[in-house]
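K.L.:
Submitted below is the structure of interest, expressed as structure tokens.
The values are calculated or read from the model by the stated rules, or taken from the named source; none is laboratory data. Keep in mind that what you see is a predicted model, and the values were worked out from it rather than measured. Note: ideal-geometry Cβ built from the backbone for every residue, glycine included; neighbour counts use all protein chains shown. All accessible areas refer to the heavy atoms of the entire protein, side chains included, with ligands and DNA or RNA removed. Shrake-Rupley method; radii C 1.70, N 1.55, O 1.52, S 1.80 Å.
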Amino acid sequence: MKVTITGANGFIGQAMARHVARVAPGSDIVGVVRDLADGSGDLPFRLTQKIEASDVLIHLAGRGGIPESLKDPAGAFDTSCRLAVETLEAARAAGVGCVVLVSTCAVYPFSSQPAREDGPLDLNSPYAEAKRAAEIYGLTCADLTGQDVRVARLANVYGPGQRALFIHDVARRALQTGQVQLQSNGLEKRDLIHVDDTADALWHVATKGRAGQIYNVGSGDPLRIIDVAKKISAALGADLTLPEQAPGTGDVTRDAFPATDRLGALGFRPARGFDDGLAETLDWIGKNT
């Protein structure tokens with residue numbers, strides 16, 4: 001099997017390459033990157049700047065998130081939509097068999113109920129808008145040209161090697177200041193999935209999913225942010241502090257987590273318990289801060 005990974009030198013891209021090497025030994029794993037000077041190190045792929053014919057392409061290239069997109073909407077469009085469209089076009093021209101277009105659960109509204117793939121959307125940021133636009137283009141290609149495109153909407157991915165987002169940022173500040181600081185009361189729920197489980201889930205979508213289908217990727221076990229913060233605080237010996245008056249609006253004060261039944265029907269089950277995954281992640285952050 002030949003597997004292409006865009007954004008191969010990124011946090012999830014590296015985990016994806018290692019996972020493919022484990023579960024499909026002997027596969028030709030190709031990493032597509034913008035700059036060959038980045039190098040592949042000990043990662044199990046060769047690098048290229050051009051998409052080649054392959055059995056599977058997993059599109060992980062891109063950067064940024066909601067906060068960055070609010071500052072630079074045009075940049076969010078370029079990295080989340082335009083790049084995805086260019087990748088889909090190149091994949092079709094090269095004769096790629098299946099494209100897994102990686103998107104985000106940020107397209108869903110806040111709700112105390114799990115968000116389902118066919119449920120309502122709430123595109124409340126340029127990042128979510130750009131990701132959804134890429135989804136629409138990809139699924140339209142699937143309908144009109146027969147291209148095999150599958151969409152994977154990721155929840156909150158964490159793990160060793162990540163240098164941004166909630167767990168990394170909170171832990172890094174705790175190591176530097178001795179404080180675990182939250183901007184809300186922490187009662188909101190989020191789905192946190194280990195990067196290795198994320199790679200496994202994407203592989204299930206690539207090998208067992210259906211063309212034209214959308215799959216939520218999460219652990220299926222949402223956690224309250226306050227409980228995560230307490231675990232980080234205890235592990236690092238840091239004091240936990242909450243704001244004197246927790247905000248009453250904004251995404252940090254409301255639940256947001258996906259339903260994972262559709263992914264589970266493909267046979268995916270998370271292998272990493274959160275406590276073990278968090279301990280491993282905090283150990284890595286401590287060694288790399």
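K.L.:
Roughly what % of DSSP beta bridges within the chain run antiparallel, to the nearest 5?
P.N.:
Among the beta bridges of the chain, antiparallel pairing accounts for roughly 5 percent.
K.L.:
While we're on this one: What's the ranking of 152-160, 225-233 by average number of surrounding C-beta atoms within 10 Å, highest first?
P.N.:
With the highest mean Cβ count within 10 Å placed first, the list reads 152-160, 225-233.
K.L.:
Now for a different question. For the chain, what is the accessible area per residue in Å² when the probe is 1.4 Å?
P.N.:
Accessible area per residue, the chain: 46 Å².
K.L.:
Right, next: Using the per-residue mean of other Cβ atoms lying within 10 Å as a proxy for protection, in what order, highest first, do the peptides 84-97, 24-37 fall?
P.N.:
84-97, 24-37
K.L.:
Find, to one decimal place in angstroms, the Kirkwood hydrodynamic radius of the chain, where the mean of 1/r is taken over every pair of different Cα atoms and then inverted.
P.N.:
Numbers: mean 1/r = 0.0513 Å⁻¹.
Computed over Cα pairs of the chain, the Kirkwood hydrodynamic radius comes out at 19.5 Å.
K.L.:
Let me ask something else. Helix 83-94 versus the longest principal axis of the chain: what angle, 0 to 90°, nearest 10, using Cα atoms?
P.N.:
Approximately 30 degrees, to the nearest ten.
K.L.:
Using a Förster radius of 22 Å, what is the FRET efficiency between residue 118 and residue 85 based on their Cβ-Cβ separation? Nearest 0.05, please.
P.N.:
The pair residue 118/residue 85 has a calculated efficiency of 0.40.
K.L.:
How high is the relative contact order of the chain, in percent, with contacts defined as C-alpha pairs under 8 Å that are six or more residues apart?
P.N.:
In percent, rounded to a whole number, it is 19.
K.L.:
Oh, and also: Compute the long axis of helix 274-287 from its Cα atoms, compare it with the longest principal axis of the Cα atoms of the chain, and write down the angle in degrees, 0 to 90, nearest 10.
P.N.:
Tilt of helix 274-287: around 90 degrees.
K.L.:
Now, a different point. 5 Å is the cut-off here: which amide hydrogens, built 1.01 Å from N in the peptide plane, fall below it relative to residue 152, excluding neighbours closer than 5 in sequence?
P.N.:
101, 102, 103, 215
K.L.:
Let me ask you something else. Stretched out fully, how many nm does the piece from residue 183 to residue 23 gain, at 0.36 nm a residue minus the Cα gap?
P.N.:
Here the segment from residue 183 to residue 23 would lengthen by 53.6 nm.
K.L.:
Within the chain, what whole-number % of the accessible surface is contributed by carbon and sulfur, with the 1.4 Å probe and all protein chains included in the calculation?
P.N.:
49 percent
K.L.:
Treating the Cα atoms of the stretch 67-129 as identical point scatterers in vacuum, please give the log10 of the normalised Debye intensity I(q)/I(0) at q = 0.18, 0.19, 0.24 Å⁻¹, two decimals.
P.N.:
Result of the Debye calculation: -0.78, -0.83, -1.00.
K.L.:
For the Cα atoms of the chain, what angle does the longest principal axis make with the long axis of helix 126-145, in degrees from 0 to 90, nearest 10?
P.N.:
It works out to around 30 degrees.
K.L.:
Sticking with this one: Taking the Cα centre of the stretch 57-169 as origin, work out the dipole magnitude from +1 charges on Lys and Arg Cβ and -1 charges on Asp and Glu Cβ, in debye rounded to 20. Walk me through the intermediate numbers first.
P.N.:
On the way: 10 positive and 13 negative charges, 42 e Å.
Roughly 200 debye, rounded to the nearest 20.
K.L.:
Quick one: plug the Kirkwood hydrodynamic radius of the stretch 10-59 (C-alpha pairs) into Stokes-Einstein at 4 °C, 1.567 mPa s, and report D in µm²/s. If you can, show how the numbers build up before the last one.
P.N.:
Numbers: Rh = 11.3 Å.
Rounded to a whole number, D works out at 115 µm²/s.
K.L.:
Restricting everything to alpha-carbon atoms, can you work out Rg to Rh for the stretch 150-240 with a Kirkwood hydrodynamic radius?
P.N.:
Answer for the stretch 150-240: 1.07.
K.L.:
Right, next: Any idea what the dipole of the chain comes to, in debye rounded to 20, about its Cα centre with Lys/Arg Cβ at +1 and Asp/Glu Cβ at -1?
P.N.:
Charge dipole, the chain, about its Cα centre: 220 debye, nearest 20.
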